[in-house]
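To keep things clear, I will list the structure first and then write my remarks on it.
Nothing in this text is a laboratory measurement; each read-out follows from the coordinates by a stated rule. Since this is a predicted model, take the numbers as computed values, not measurements. Cβ placement follows ideal geometry from the backbone for every residue including glycine, while neighbour counts extend to all protein chains displayed.
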Amino acid sequence: MSVALLSVAGVALDALLGEPKRNHPLVAFGRYAERLEQRFNSGGRGWRSHGVTAWVLAVVPFTLLATLLSALPYVGWLVEVAALYCALGLRSLGEHVEPVAQALRGDDIEAARQRVGYLVSRQTSELDATEVARAATESVLENGSDAVFAAIFWFAVLGAPGVVLYRLSNTLDAMWGYRNERFERFGWAAAKIDDLLNYLPARLVALTYALLGKTRLALRCWRAQAPKWDSPNAGPVMAAGAGALGVELGGAAIYHGELHQRPTLGEGAAADADAIDRGWSLVQRGVWLWLLVLCLGAEFYA
């Protein structure tokens, strides 16, 4: 089966079933990663070399297993579809952001704060309605890139091994890639590898957002604002996405009790419930565009 049909099948499964409610492979992987971290970074004393070793032990065996299973006759294509399905988080993203918009429309700020707290790591207990909407819209744009588009990209490039490599690497970055005393050295490899794997997908996502929204504004924001953002991949994605939506994102936010003055992203109106919905729609339309391009590419190649 072509990578296009397999991609469509994986996205369709995610749309129909959502994330597995029980026995999600990434949950089991997370427990395994925690044990590796306890072994190689006990007391936060692990060095970069320990982080590299732990990353290899966490990712390489499962990537090799995906390579072997996907090559099996008759059933290899099922492994391919299952790998993409388990790596995607499209429906889950919508299930998390839509309640935030609904709570804002109902003027239930406490529920909105609680719901957006499931999406972001910043402090949400004192956010006003605009700040809640800003946080949710940023999360839609960034998680759309990390949890959806990058997974499709690596599946299209390398099949099941590619999407397994990406999703496990991205999970380790979320667990180990912090700049604090515990993970500064140990998590260095996980953070850098995730940056590398996301570099090209993030820029394709930024281009996708620009093409499907206010294109000129999105490209201008991408060029001018992305270099100011602390993440080399989130910057282009969120700057272009904010410009495409014609909304202003970024600004001050509190993380772990510390105030961070972040650069402004995008341009236009303040974020609101409508911005969240339009951001979610932008991600969905982007997925349809990517699947269309894959299908047209497969037809042209054939």
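Treating r as the C-beta distance of R39 and A174 and R0 as 30 Å, the FRET efficiency rounds to 0.95. Summing charges over all other residues whose Cβ lies under 12 Å from the Cβ of S231, with Lys and Arg as +1 and Asp and Glu as -1, gives -4.
Among A244, A12, A206, the largest mean-square fluctuation in a Gaussian network model of the chain, built with springs joining Cα atoms closer than 10 Å, belongs to A12. Counting only Cβ charges, +1 for Lys and Arg and -1 for Asp and Glu, the dipole size of the chain around its Cα centre is about 780 debye. Of the residues V56, L172, A190, the one whose Cα sits farthest toward the positive end of the charge dipole of the chain, with +1 on the Cβ of Lys and Arg and -1 on the Cβ of Asp and Glu, is V56.
Computed 3J(HN,Hα) for the range 37-49, one whole-Hz value per residue from the Karplus formula 6.51 cos²θ - 1.76 cosθ + 1.60 where θ = phi - 60°, is 5, 5, 6, 9, 9, 4, x, x, 9, x, 9, 4, 4, glycine and proline marked x. Of all DSSP-defined beta bridges confined to the range 3-301, some 80% are antiparallel rather than parallel. Scanning residues 5 or more positions from G250 or on other chains, those with amide H under 5 Å from its amide H are L265, with H placed 1.01 Å from N in the peptide plane.
The fewest-to-most ranking of F300, F149 by surrounding Cβ atoms within 10 Å reads F300, F149. Rounded to whole numbers, the Karplus 3J(HN,Hα) couplings from phi for the range 122-132 are 6, 6, 10, 5, 10, 6, 8, 4, 5, 5, 5 Hz, using 6.51 cos²θ - 1.76 cosθ + 1.60 with θ = phi - 60°, and x at Gly and Pro.
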